[in-house]
1. Report the residue count in segment 58-76 for those that are closer than 18 Å to Leu26 by Cα, surrounded by fewer than 16 Cβ atoms within 10 Å (Cβ to Cβ) and touching a strand residue (DSSP E or B) at 6+ places or on another chain (Cβ under 9 Å).
2. Considering only segment 23-43, how many residues are among the polar types (S, T, N, Q) and in contact with a strand residue (DSSP E or B) (Cβ under 9 Å, 6 or more places away or on another chain)?
3. Hey, among Gly36, Gly79, which residue is touching a helix residue (DSSP H, G or I) at 6+ places or on another chain (Cβ under 9 Å), small (Gly, Ala, Ser) and surrounded by 12 or more Cβ atoms within 10 Å (Cβ to Cβ)?
Amino acid sequence: MDRPNSVYSTPIWLSKWTFKDQKNKLYILENHIVKGDNKGSIFTNKNIVDKAVNKLIGRRSKKKLVPVNLTLISQHGYGVDDN
């Protein structure tokens, strides 16, 4: 992997998410692309979590999902920070 320069410095990851609803039902989202430095910064970023939830259940659903687990599968380069 090439070294990042000043503009393209945020790693792009392929990830697997696990969410839980109020009834303790598990939802799994596999092969989701995220940008972030490490697992902790991605897991606590509300914008990234909201995008993953919307992809999994859609915007109109009344379910409230809480992230339980995040697995970073592989890194696929560097990109511009969206935040």
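1. Summing the residues that are closer than 18 Å to Leu26 by Cα, surrounded by fewer than 16 Cβ atoms within 10 Å (Cβ to Cβ) and touching a strand residue (DSSP E or B) at 6+ places or on another chain (Cβ under 9 Å) in segment 58-76 gives 5.
2. Taking segment 23-43 first, the residues among the polar types (S, T, N, Q) are 24, 31, 38, 41.
Now restrict to residues that are in contact with a strand residue (DSSP E or B) (Cβ under 9 Å, 6 or more places away or on another chain): 31, 38.
Counting residues in segment 23-43 that are among the polar types (S, T, N, Q) and in contact with a strand residue (DSSP E or B) (Cβ under 9 Å, 6 or more places away or on another chain) gives 2.
3. Working: Gly79 fails: touching a helix residue (DSSP H, G or I) at 6+ places or on another chain (Cβ under 9 Å).
Residue meeting the stated conditions: Gly36.
Every residue, every condition in (1) of a type in the set (A, V, I, L, M, F, W, C); (2) more than 14 Å from the chain's Cα centre (by Cα), yes or no:
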{"site": "Val7", "(1), (2)": "yes, yes"}
{"site": "Pro11", "(1), (2)": "no, no"}
{"site": "Lys35", "(1), (2)": "no, no"}
{"site": "Ser41", "(1), (2)": "no, no"}
{"site": "Lys46", "(1), (2)": "no, no"}
{"site": "Asp50", "(1), (2)": "no, no"}
{"site": "Arg60", "(1), (2)": "no, yes"}
{"site": "Thr71", "(1), (2)": "no, no"}
{"site": "Ser74", "(1), (2)": "no, no"}
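Every number here is computed from the coordinates shown, using simple stated rules; none is lab data. Note that the coordinates shown come from a computational prediction; the quantities given were computed from them, not determined experimentally. Using ideal geometry, Cβ is built from the backbone for each residue, glycine included, and neighbour counts are taken over all protein chains shown.
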